[in-house]
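Scroll down for the structure; my scribbles are underneath it.
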Amino acid sequence: MDSPTIPAQAATVRPSSFVDADRLWQRHVAMAKLGGTAVGGVTRLALSTEDIEARALLRDWAWESGFEFAMDDIANVYIRRPGRRNDLPPVMTGSHIDSQPKGGRFDGIYGVLAGLEALQAIDAAGIETWRPIEIVGWTNEEGARFEHSLMGSKAYAFPDRLESLLDIKDRDGISVRDEVLRARQTLGPTPRRALGVVPDAYLEAHIEQGPILEARGKRVGVVTGIQGWRRFVVRIEGEAAHAGTAPQASRKDALMAANRVIGALSHLMADPDDIVRFTVGRFNVLPNSLAVVPSQVEFTIDFRHPDERALVERGDAIAGLLHEHAQPCVATLTEISRETPIRFDGDAFAAVRDAARGLDHPFMEIYSGAGHDAQNMFKLCSTGMIFVPCERGISHNEAENASPADLAAGAQVLCDALVTLAGR
């Protein structure tokens, strides 16, 4: 029997009309208390006590709504609304639960809460979808505590990576494996979800984390793709010496070498079109003492671009640049992660675009500069994203803000797109 493109009930009622803007907002308020900071931000690092409490709160809301709740072996959590054919691959939506240190209260968690709101709206509309719909809350998207971003979705898309990801430790020596066990013990008996189950489609709602939608007066962004990145760690080894007695000419000053290297990197990454994104994000100096010539410097490079050729050409040029400008010190370069640019197309993108067209909200197509878990899901299935504006484009910051109306608008687009996809 062929499934309908859209369930019959949807012909008479649009499920997005049942999205409750106040309920969605109040859930953001409640979730922001878990790791909330004094000035309205959030510090909810991956698999911290606050992050595990957020999973418990999601579980409680799921159960109150009559949905199923499960967790997998890297503590990704799932909320499932059954369909007519539960043997079919589900349609999935979601985002992450963790935040940056002193981050915002909408980054990531909005996509999870918008998914829950969409499921409740579909229930209220009386629609029985053909396929099941699942919300996922990904583990450690930010990579702030355990330094491997998009970790939960990486383990999901590539289950053979699970063991190596579980072995990663934070700066206190606590492993992901330890904290996953703590999460499972805290949540109590919870059904186990398998990794790597290929969904029919995946959608992710997110704040834009940039200023474009707000500047152009658009309430919704239909995301066309995500730029790629290359991330490196640079270590420069010099030699400690007495600051008062070591002649300048004979010093192997790691900090001065790093300064020369970063200046050369800035020249390499210069772009009159302002498309390149280049950041030195973490910088450590040893022995970090007032009267000692620095003996070692370690810093990170985050280089992003929507063109794979630019990523290859400029990224590959970094090694030679280090050798040239770090002398007389010795520099080593380690590439720690790499993602190719992606472009959304196919059924998931079309469902988002068509849902946006069917509502009254002003929208535009937009490219994502930030990375998202959708990048890993893109490797498994048809994938799409929805953006909503954030005030002044501020994100990864306690001042991050979004309006209830914009959050609800994105949830409405998500809701209608999910019904379309789950009706196939």
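Among the residues of the range 63-89, count how many are part of a helix (DSSP H, G or I) and either within 22 Å of the chain's Cα centre (by Cα) or not hydrophobic (A, V, I, L, M, F, W, C) (or both). Within the range 63-89, residues that are part of a helix (DSSP H, G or I) and either within 22 Å of the chain's Cα centre (by Cα) or not hydrophobic (A, V, I, L, M, F, W, C) (or both) number 1.
Out of Gly346, Gly384, Gly358, which single residue is within 28 Å of Asp302 (Cβ to Cβ) and not acidic (Asp, Glu)? Give the steps one after another, and end with the answer.
Working: Gly346 fails: within 28 Å of Asp302 (Cβ to Cβ); Gly358 fails: within 28 Å of Asp302 (Cβ to Cβ).
After applying the criteria, what remains is Gly384.
Mind checking whether some residue in the range 204-221 is at positive phi and either of a type in the set (Gly, Ala, Ser) or out of contact with any helix residue (DSSP H, G or I) (no Cβ under 9 Å at 6 or more places or on another chain) (or both)? Checking the range 204-221: at least one residue is at positive phi and either of a type in the set (Gly, Ala, Ser) or out of contact with any helix residue (DSSP H, G or I) (no Cβ under 9 Å at 6 or more places or on another chain) (or both).
Which of the residues belonging to the range 86-98 are farther than 10 Å from Ala205 by Cα and either buried (at least 24 other Cβ atoms within 10 Å of the Cβ) or of a type outside the set (D, E, K, R) (or both)? Show your work before the answer.
The first filter runs over the range 86-98 and keeps only residues farther than 10 Å from Ala205 by Cα, leaving 86-92, 96-98.
Asn86, Leu88, Pro89, Pro90, Val91, Met92, His96, Ile97, Asp98, listed by residue number.
Yes/no per residue for (1) in contact (Cβ under 8 Å) with a residue 24 or more places away in the chain; (2) crowded, with 17+ Cβ neighbours inside 10 Å; (3) closer than 21 Å to Gly108 by Cα; (4) of a type outside the set (Val, Ile, Thr):
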residue	(1), (2), (3), (4)
Ala319	no, no, no, yes
Gly346	yes, no, no, yes
Leu380	yes, yes, yes, yes
Leu407	yes, yes, yes, yes
Cys415	yes, yes, yes, yes
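Meeting the requirement of 1 or more residues that are outside the structural domain of Arg27 (by TED's automatic domain parsing), the strands (runs of 3 or more DSSP E) wholly within the range 321-412 are 330-339.
Close contacts from the range 238-261, counting a first residue that is closer than 21 Å to His325 by Cβ and a second that is of a type in the set (Lys, Arg), with Cβ to Cβ under 7 Å and a gap of 6+ residues or different chains, come to Gly238/Lys252; Glu239/Lys252; Ala241/Arg251.
When you go through Asp22, Asp72 one by one, which is the residue that is surrounded by fewer than 22 Cβ atoms within 10 Å (Cβ to Cβ), more than 18 Å from Asp200 (Cβ to Cβ) and modelled with pLDDT of 95 or more? Give the derivation first.
Working: Asp72 fails: surrounded by fewer than 22 Cβ atoms within 10 Å (Cβ to Cβ).
Selected residue: Asp22, the only one of Asp22, Asp72 that is surrounded by fewer than 22 Cβ atoms within 10 Å (Cβ to Cβ), more than 18 Å from Asp200 (Cβ to Cβ) and modelled with pLDDT of 95 or more.
Does Asp51 qualify as being in a helix (DSSP H, G or I), assigned by TED's automatic domain parsing to the domain that holds Pro404, under 22 Å from the mean Cα position of the chain (by Cα) and modelled with pLDDT of 95 or more? Answer is yes for this residue.
Is there a residue being assigned by TED's automatic domain parsing to the domain that holds Leu181 and assigned to a strand (DSSP E or B) anywhere in the range 21-39?
Yes, because at least one residue in the range 21-39 is assigned by TED's automatic domain parsing to the domain that holds Leu181 and assigned to a strand (DSSP E or B).
Look at the range 207-221: where a residue is closer than 11 Å to Arg392 by Cβ, no partner that is assigned to a loop (DSSP other than H, G, I, E, B) and among the basic types (Lys, Arg) sits 6+ places away or on another chain with Cβ atoms under 6 Å.
Checked against (1) closer than 19 Å to Pro306 by Cβ; (2) buried (at least 24 other Cβ atoms within 10 Å of the Cβ), Cys390 meets all criteria but (1). For the range 49-69, the tally of residues that are crowded, with 20+ Cβ neighbours inside 10 Å and small (Gly, Ala, Ser) stands at 2. Among the residues of the range 266-287, is there at least one that is closer than 30 Å to Phe158 by Cβ, charged (D, E, K, R) and not assigned by TED's automatic domain parsing to the domain that holds Ala402? Yes, because at least one residue in the range 266-287 is closer than 30 Å to Phe158 by Cβ, charged (D, E, K, R) and not assigned by TED's automatic domain parsing to the domain that holds Ala402.
Okay, residues lined up against (1) over 22 Å from Ala422 (Cα atoms); (2) in contact with a Pro (Cβ under 8 Å, 6 or more places away or on another chain); (3) surrounded by fewer than 24 Cβ atoms within 10 Å (Cβ to Cβ); (4) free of Cβ contacts under 8 Å to residues at least 12 places away in the same chain:
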position: Gln100; (1), (2), (3), (4): yes, no, yes, no
position: Phe106; (1), (2), (3), (4): yes, no, no, no
position: Ala121; (1), (2), (3), (4): no, yes, no, no
position: Ala125; (1), (2), (3), (4): no, yes, yes, no
position: Ile133; (1), (2), (3), (4): no, yes, no, no
position: His148; (1), (2), (3), (4): yes, no, yes, no
position: Gly152; (1), (2), (3), (4): yes, no, no, no
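Within the range 266-286, the set of residues being over 21 Å from the mean Cα position of the chain (by Cα), in a loop (DSSP other than H, G, I, E, B) and loosely packed, with under 11 Cβ neighbours inside 10 Å comprises Ala270, Pro272, Asp273, Asp274. Condition (residue is within 30 Å of Arg23 (Cα to Cα), β-branched (Val, Ile, Thr) and in a loop (DSSP other than H, G, I, E, B)) applied to the range 121-132: is it met by at least one residue? For the range 121-132, residues within 30 Å of Arg23 (Cα to Cα), β-branched (Val, Ile, Thr) and in a loop (DSSP other than H, G, I, E, B): present.
The values are calculated or read from the model by the stated rules, or taken from the named source; none is laboratory data. Every value quoted in this text rests on a predicted model; they were computed, and no experiment measured them. Positions of Cβ are backbone-derived with ideal geometry, glycine not excepted, and every protein chain shown enters the neighbour counts.
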